[in-house]
Amino acid sequence: MFPFNFEWIWDMGHVVFMGGLWYALTILGIGMTYCIIKAAIDACRGNDEHHH
Amino acid sequence: MDSALIPKGVKRCPFPQFILFIAIVGAVLLWGVYAMLLCWFKGLNQTNMNDFYGFALWIWADLAVIAVGGGAFFTGLLRYIFGKDELKNIINYAVLIGFICYSSALLILAIDIGQPLRGWFIFWHANVHSMLTEVAFCLSCYFGVLTIEYIPLILENRQINKVPFFHHLGHNMHEIMAVFAATGAFLSFFHQGSLGGVAGVLYGRPFAYREGLFIWPWTFFLFTWSAAACGPCFTILITKITETVTRKKLVKDNAIELLAKISGWMILTYSIAKTADTWHWATVTVPSLGQTLMDFYSNNPFYGIWILILEIAICGFIPAFILITQKGRKNSAALWIAVFLAVTGVCINRWVMVLQIMAIPVLTFENWVMYLPSWQEVATTILPVAYGVILVAFSYRYLPVFPNEPELNPIETLPPEKEKAVEPSVELEKELKPAEA
Amino acid sequence: MKQKKAKKYGMVIDLDKCTGCGSCMVACMAENNVPFRKDESNKVLSITWMRVYKLTNGKPFPNTDICYLPRPCMHCEGQHEGHSPCVSVCPAIATDYSSETGVVSQIYTRCFGCRYCMASCPYHARYFNWWDPVWPDGMEKYLSPNVSPRMRGVVEKCSFCFHRYQLAKEKAFMEGRRELKEDEYQTACTQACPAGAITFGDLNNPNHAVHRMVKPDPKHHGRPTHPNAFRLLERLGTNPKVYYISSRDWVRRAGDNYLEHEAELKQTVHHG
């Protein structure tokens, strides 16, 4: 799973498979972090302009 | 009693009735939990699995719920990426159903493995060449996506939404939902496919084995395709069941019909592809391994050629033809039959690709082995259904799952005495037998 | 130091000699601490690393003929090294292919019991521990200290008595040798067979009996060139390292699936 796991090999299989995984996880992580931080800022500012 | 939590503009059944309903389903849930604990504490000897059936009812249930849960990713893809705006009225429910399906799948897997405490080995010591590894990774990640898609709906609860932070969080998540949906579609494509790959790569089992493209056997693509095709049918089926139970129209016809139309064309193309795959496998692959098609469908008490006909013709082409015609989609009975058949078809496919593989002898001096699940296996398989019903019931009661509901079911604002004078009996019945869920 | 050619340990079982006595099964269970239960009548739950099958030619008397076929793990190599049906599918690398010996290992403490390997194995050579092992009183003193007993919830299978290989290697090392002699590493079943039906050794070594008996063809994944030798389910491309010998046509034909009018093909080209 991580390059420091002893069974890790720098080969095509690991790079493509784990690359895809970490890519997806990064997007989800960044996306959620952005949402949470922005929500905190909006809440502090009392910003309530948007409407669903 | 809980009226402060119920969304504005909709009517829900009295609280005691709701609790009674939850208690009944909860009893079933507890039965499943008891069986689950038996499996965890006493081991898998509680099942009727054996050394011929390493994969059995649970793995089928897993594959089946993931297939029918495919409605979430495909509807999300159509809504957020292809911009099919009509689907905004059903997407919440599709996400909720997907969330239930995927959490159920993960739970079943946690019961199914022999050493549940070592479950994390599949991530930590991952063999990147195993289809099951790909399944585990993508399934877990996609469950994360579904959770992210479900959270904004929870945040729309009347009371939660009053908290400014949650209000803004829900809004912000809606804003970038397309990014999450795209990631979900990417992950879904791979794990749905890998589940097909799980069977397709078994080159020691001629019934399962398929040639393919690069590292992916044809079953990889067929599974993704069938999940995308039949998943929306499950969403429609559950929506229809919910509408029947609540006695309300919850989703506008245009959303259902669009989803049904797309699903119909997907099922049709899938059925053609599946037929071609079966044909090639039966006429080229199987004979090259010294066997004939009928070897897999004879000399046993259950698996006959009927199962292949049922899967492809009756549960494939028939629903496809119903759904691609406007007449079929608009006819309520036909729509019901079509979505039911499509869901049955994909479940039969998963059954065949798990249990029939195990049943068929490969060594010439072995025989077919049949299997019946133990009550513990059945109870743990029903457990997620009960859990799903409860989660749907809570979500329906307290969250604005169906944006169309207030519009389709306007609450009478007439004064009570006038209301009674106009339609006393009907109103009385409404009061006594309102929404169950 | 000059790198020696990798070993490829394998087994040749002469079915004309096998009497079906079951000594190999007993020896295997004792050697490898294979657990058992009070009631072993349900054979789909019994753990038998080595299992003796009874084959019949299906003909009525007086033409009836039977044959006993011992079946250990085939230690398949697959179409390229390590692509055994089971090794390729294990999600946690709990089963591995040794390029040094050709032995397919099972790492019990790594296995988390998903049973995908069992689904992949056409020989049913893999077994799941549905129960924790319970030894009759006092029997734990007779367990082999060289083989770890397995816990509930993991898969196990024949290891070609790999602990014997390790012990033999240690002994050779202490004596300043790098190479093992043919008789230094032999499996328990091989030694227990009273009829001498089982032969074990390095298939890559032309001096070893196993090589001489089947003459594996390296150009065709070790397919036997001896006319009476065959491997189980050759056509699937699993490339097993257990060979069988029989002078009887029907026995050789029972080793694989053939279409009704298909002759027993030595030169079968499988999907590969």
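The values are calculated or read from the model by the stated rules, or taken from the named source; none is laboratory data. Fair warning: this is a prediction, and the values are worked out from it, not measured in the lab. Counting neighbours? That spans all protein chains shown, and the Cβs are built from the backbone with ideal geometry, glycine included. Just so you know, the surface numbers come from the protein's heavy atoms only, side chains and all, with ligands and any DNA or RNA stripped out. Shrake-Rupley method; radii C 1.70, N 1.55, O 1.52, S 1.80 Å.
Remarks
- Number of residues in region B:102-122 that are more than 7 Å from every other protein chain (Cβ to nearest Cβ) and open to solvent by 10 Å² or more (accessible area, probe 1.4 Å): the value is 8.
- Checking C:D132, C:D39, C:D137 one by one, the residue that is in contact with a Lys or Arg (Cβ under 6 Å, 6 or more places away or on another chain) and among the acidic types (D, E) is C:D132 and no other.
- Check on B:H171, in a helix (DSSP H, G or I) and either open to solvent by 50 Å² or more (accessible area, probe 1.4 Å) or within 7 Å of another protein chain (Cβ to nearest Cβ) (or both): yes
- Region B:364-414, residues that are outside the structural domain of B:L96 (by TED's automatic domain parsing) and in contact with a strand residue (DSSP E or B) (Cβ under 8 Å, 6 or more places away or on another chain): none
- Reported count of residues in region B:299-332, each being crowded, with 19+ Cβ neighbours inside 10 Å and in a loop (DSSP other than H, G, I, E, B), is 1.
- Residue tally, condition assigned to a helix (DSSP H, G or I) and under 15 Å from B:V95 (Cα atoms), over region B:142-162: 14
Matching residues to (1) surrounded by fewer than 24 Cβ atoms within 10 Å (Cβ to Cβ); (2) more than 21 Å from B:P217 (Cα to Cα); (3) facing another protein chain (nearest Cβ under 7 Å); (4) of a type outside the set (S, T, Y):
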site: C:H75; (1), (2), (3), (4): no, yes, no, yes
site: C:G78; (1), (2), (3), (4): yes, no, no, yes
site: C:V89; (1), (2), (3), (4): no, no, yes, yes
site: C:S105; (1), (2), (3), (4): yes, yes, no, no
site: C:Y108; (1), (2), (3), (4): yes, yes, no, no
site: C:W130; (1), (2), (3), (4): yes, yes, yes, yes
site: C:W135; (1), (2), (3), (4): yes, yes, no, yes
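- Filter result for the condition that a residue is farther than 20 Å from B:L44 by Cα, among the aliphatic types (A, V, I, L, M) and part of a loop (DSSP other than H, G, I, E, B), over C:A172, C:A195, C:A125, C:A168: C:A195
This table checks each residue for (1) in contact (Cβ under 8 Å) with a residue 40 or more places away in the chain; (2) open to solvent by 20 Å² or more (accessible area, probe 1.4 Å); (3) in a helix (DSSP H, G or I); (4) among the small types (G, A, S).
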residue: B:A4; (1), (2), (3), (4): yes, yes, no, yes
residue: B:P16; (1), (2), (3), (4): no, yes, yes, no
residue: B:Y53; (1), (2), (3), (4): yes, no, no, no
residue: B:A61; (1), (2), (3), (4): yes, no, yes, yes
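- Filtered residues of region B:123-162 (kept if open to solvent by 40 Å² or more (accessible area, probe 1.4 Å), facing chain A (nearest Cβ under 9 Å) and aromatic (F, W, Y)): B:F123, B:W124
- Any pair with Cβ under 9 angstrom, 6 or more apart, that starts in region B:27-44 at a residue that is within 14 Å of chain C (Cβ to nearest Cβ) and surrounded by 14 or more Cβ atoms within 10 Å (Cβ to Cβ) and ends at one that is outside any helix (DSSP H, G or I) and aliphatic (A, V, I, L, M): B:L44/B:I113
- Scope region C:228-259; condition in a helix (DSSP H, G or I), at the interface with chain B (Cβ under 7 Å from one of its Cβ atoms) and surrounded by fewer than 23 Cβ atoms within 10 Å (Cβ to Cβ); matching residues: C:R235
- Test result for C:Y68, part of a strand (DSSP E or B), open to solvent by 10 Å² or more (accessible area, probe 1.4 Å), in contact (Cβ under 8 Å) with a residue 40 or more places away in the chain and over 19 Å from C:F162 (Cβ atoms): yes
- Test: C:H226 is free of Cβ contacts under 8 Å to residues at least 60 places away in the same chain, closer than 15 Å to C:L15 by Cβ and more than 17 Å from the chain's Cα centre (by Cα): yes
- Residues that are within 21 Å of C:G82 (Cα to Cα) and part of a loop (DSSP other than H, G, I, E, B), drawn from region C:211-227: C:H221, C:G222
- Yes/no for B:G114 being modelled with pLDDT of 90 or more and in contact with a strand residue (DSSP E or B) (Cβ under 9 Å, 6 or more places away or on another chain): yes
- Residues of region C:4-36 classified as within 30 Å of C:K141 (Cβ to Cβ) and of a type in the set (F, W, Y), total: 1
- Candidates in region B:189-206 are the residues that are assigned to a helix (DSSP H, G or I) and of a type in the set (A, V, I, L, M, F, W, C); of these, the one that is surrounded by the fewest Cβ atoms within 10 Å (Cβ to Cβ) is B:F189.
- Filter result for the condition that a residue is part of a helix (DSSP H, G or I), at negative phi and open to solvent by less than 10 Å² (accessible area, probe 1.4 Å), over B:F221, B:F180, B:F165, B:F186: B:F180
- So C:S120, is it free of Cβ contacts under 8 Å to residues at least 40 places away in the same chain and open to solvent by less than 10 Å² (accessible area, probe 1.4 Å): yes
- Flag if B:G9 is among the small types (G, A, S) and surrounded by 14 or more Cβ atoms within 10 Å (Cβ to Cβ): no
- Some residue of region B:263-272 being more than 14 Å from chain C (Cβ to nearest Cβ), surrounded by fewer than 16 Cβ atoms within 10 Å (Cβ to Cβ) and without any contact (Cβ under 8 Å) to a residue 40 or more places away in the chain: yes
- Residues satisfying the stated conditions in region C:31-60, i.e. within 11 Å of chain B (Cβ to nearest Cβ), among the aliphatic types (A, V, I, L, M) and part of a strand (DSSP E or B): C:L55
- Verdict on C:Y165 being within 9 Å of another protein chain (Cβ to nearest Cβ), open to solvent by less than 20 Å² (accessible area, probe 1.4 Å) and touching a Leu at 6+ places or on another chain (Cβ under 9 Å): no
- For B:M49, the conditions (1) more than 11 Å from every other protein chain (Cβ to nearest Cβ); (2) farther than 17 Å from B:V198 by Cα; (3) buried (at least 21 other Cβ atoms within 10 Å of the Cβ) are fulfilled apart from (1).
- Within region C:71-105, the set of residues being of a type in the set (A, V, I, L, M), within 18 Å of C:W49 (Cβ to Cβ) and assigned to a loop (DSSP other than H, G, I, E, B) comprises C:M74, C:A94, C:V103.
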